[in-house]
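The values are calculated or read from the model by the stated rules, or taken from the named source; none is laboratory data. These figures come from a predicted structure and were not determined experimentally. Neighbour counts run over all protein chains shown; Cβ positions are idealised from the backbone, glycine included.
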Amino acid sequence: MDSTIVVVLAVLISLGVGALAGFSVWKLLSVRRYGIARDRASEVLDEARNEQRQVLLEAKEEAHTLRSSAEEEAHTLRSSAEEEAHTLRSSAETEHRDRRAEYQRTEQRLSNREENVERRANNVDRREGDLTQKESDLQNVRSDLDTIKQQRLEELETISNLTSAEAKNELMNLAEEEAKLELAIRYRDMEELAKEEANDKARNIISLAISRLASDVVSEVSLTTVPLPTDEMKGRLIGREGRNIRAIEKATGVDLIIDETPEAVTLSCFDPIRREVARIAVGKLVADGRIHPARIEEMVSKTQKELQETIRKTGSDTITNVGVRGVNTDLTMLMGRLKYRFSYGENVLQHSVEVGHLAAAMAAEIGADVKRAKLGGLLHDIGKALTHEVEGPHAEIGADVAAKANIPAPIVAAIREHHDDDHSSPESFLVAAADAISAARPGSRRDTVEHYIKRLEALEDVARAFDGVEKCYAIQAGREVRIIVKPQSIDDHAADQMARDVVRKIEETLNYPGQIKVTVIRESRSVEYAR
């Protein structure tokens, strides 16, 4: 028991001594650390003070540098300002001297002009005096002449027993009667001779122009037949579930008609260009044998490019063969498109060439401008190449296209007027006459006489259906209808409105080529009889 207590006490004493020793060591370490930290803080403070002194020195040096540069710049600006002021002062003095010299020269010129004016005034005064003297002398001479003339007249009156007025009237009456008789005879002879010569010459010109030219006749079609090697090819053109025929119609814009016609299919389209593209493309597809939508699109695209080149070459060859100049590329393409355009069974390109030759032949006979007539005749139907794309009569469309292509104004007028009654030049008359001759040539157009008669009757029926119409006539082969109205029922404003109403009715009810001119005539006549 005692030993245990001793051990415990020994342990406690050991622990106390250890704790006291540890505390002493810790305190020594803390003091040492505090000294190290204080020394480090002193070093940092010294470094900060040194750095601050360095920054202040650098700031002072920079301020000194800036002050020096500012003083130099101010000195430079002051010097340049003084130089500029000196320059401006010198230029102002120079300009002042120049102006003073100019003012002196101007004063000298004015002084010289005043002297010249004074000299001219003196000369004018002197000339006026001379003219006054000459007028006085001339007046004396005239007085002497009048006296002599009066004496001679008195002598003549005494000899003839007539006054001068009576003699003058008698001579004038005799001369007037003789002149009237002679003029009447000459007018009658000249009128008869002119009529005979005009009729004979017109017949000769037209006969000669017609005899120089003859053309083939091509029938108009809106359907094209494509031959097939076998009927089996129809199924290949239709394709699985109709995909090939749909691709052809979509790519070409035509209707592909497959019926029971052996070894043939039909293409239907109002546009001859698209129909021709479809015909060539289908022919190539049949010959190639590979028919599917991708091949169809490729073949149609290739055919369109080839046809455009063919159209361009056709237009260029036509213009070269006819022998005209001044036609640009756009008109050449339109001229080539006319190869695939038909009007009443007549090929428009051949008709245009024919009209150009006819107009040139007649122009050569009467002494008109041959080149102008030929080019006007060749281009007169150029608007028909665009009638599917642009609204309006083909004459107006063609004239507008020609004007944009820098065609001379007289030729543009001939194109616009080739269906009108009034013409602005002889060449315009010749183009209209050649157009009528070409269209009226036997076999040129497929329309029958019965069809023309029915169209004329339909025109007259439409016009006659309006109230207030007294008479109506379809003329110019159905290109114009003239309506004579009752003046008691229709006034001028109503006549204008009637013309518009008739035009609207014709457009709604009739089918016709080109344009139809509607003329409403209103006139009042007062008739009395003397009994």
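This table checks each residue for (1) within 21 Å of residue 269 (Cα to Cα); (2) free of Cβ contacts under 8 Å to residues at least 24 places away in the same chain.
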site	(1), (2)
330	no, no
349	yes, no
363	no, no
368	no, no
371	no, no
386	yes, no
391	yes, yes
399	no, yes
405	no, no
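Scanning the range 364-377 for residues that are buried (at least 24 other Cβ atoms within 10 Å of the Cβ), under 15 Å from residue 424 (Cα atoms) and of a type in the set (A, V, I, L, M) yields a total of 1. I need a count of the residues in the range 254-284 that are exposed (fewer than 15 other Cβ atoms within 10 Å of the Cβ) and more than 18 Å from residue 233 (Cβ to Cβ). The qualifying residues number 2.
The rows are residues; the columns are (1) among the β-branched types (Val, Ile, Thr); (2) within 60 Å of the chain's Cα centre (by Cα).
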{"position": "38", "(1), (2)": "no, no"}
{"position": "52", "(1), (2)": "no, no"}
{"position": "55", "(1), (2)": "yes, no"}
{"position": "89", "(1), (2)": "no, no"}
{"position": "94", "(1), (2)": "yes, yes"}
{"position": "100", "(1), (2)": "no, yes"}
{"position": "108", "(1), (2)": "no, no"}
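Determine whether the range 242-252 contains at least one residue that is in contact (Cβ under 8 Å) with a residue 60 or more places away in the chain, assigned by TED's automatic domain parsing to the domain that holds residue 353 and either at positive phi or outside any loop (DSSP other than H, G, I, E, B) (or both). No: the range 242-252 contains no residue that is in contact (Cβ under 8 Å) with a residue 60 or more places away in the chain, assigned by TED's automatic domain parsing to the domain that holds residue 353 and either at positive phi or outside any loop (DSSP other than H, G, I, E, B) (or both).
Suppose we filter 30, 91, 3 for residues that are small (Gly, Ala, Ser), assigned to a helix (DSSP H, G or I) and modelled with pLDDT of 80 or more; which single one remains?
91
When the criteria are applied in full, residue 352 fails the requirement of being more than 26 Å from the chain's Cα centre (by Cα) and not hydrophobic (A, V, I, L, M, F, W, C). State which residue is modelled with the highest pLDDT when the search covers only the range 445-478 and only residues that are surrounded by fewer than 19 Cβ atoms within 10 Å (Cβ to Cβ) and under 30 Å from residue 360 (Cβ atoms). Result: 475. I'm checking my understanding of the structure. Among residues of the range 231-248 that are under 18 Å from residue 280 (Cα atoms) and not hydrophobic (A, V, I, L, M, F, W, C), which one is surrounded by the most Cβ atoms within 10 Å (Cβ to Cβ)? Filtering the range 231-248 for residues that are under 18 Å from residue 280 (Cα atoms) and not hydrophobic (A, V, I, L, M, F, W, C), the one surrounded by the most Cβ atoms within 10 Å (Cβ to Cβ) comes out as 244. Of all residues in the range 491-531 being among the hydroxyl-bearing types (Ser, Thr, Tyr) and not in a helix (DSSP H, G or I), which is modelled with the highest pLDDT? Top of the filtered list is 519. Output the number of residues of the range 253-296 satisfying the condition of being in a helix (DSSP H, G or I) and more than 17 Å from residue 308 (Cβ to Cβ). Residues meeting the conditions: 10.
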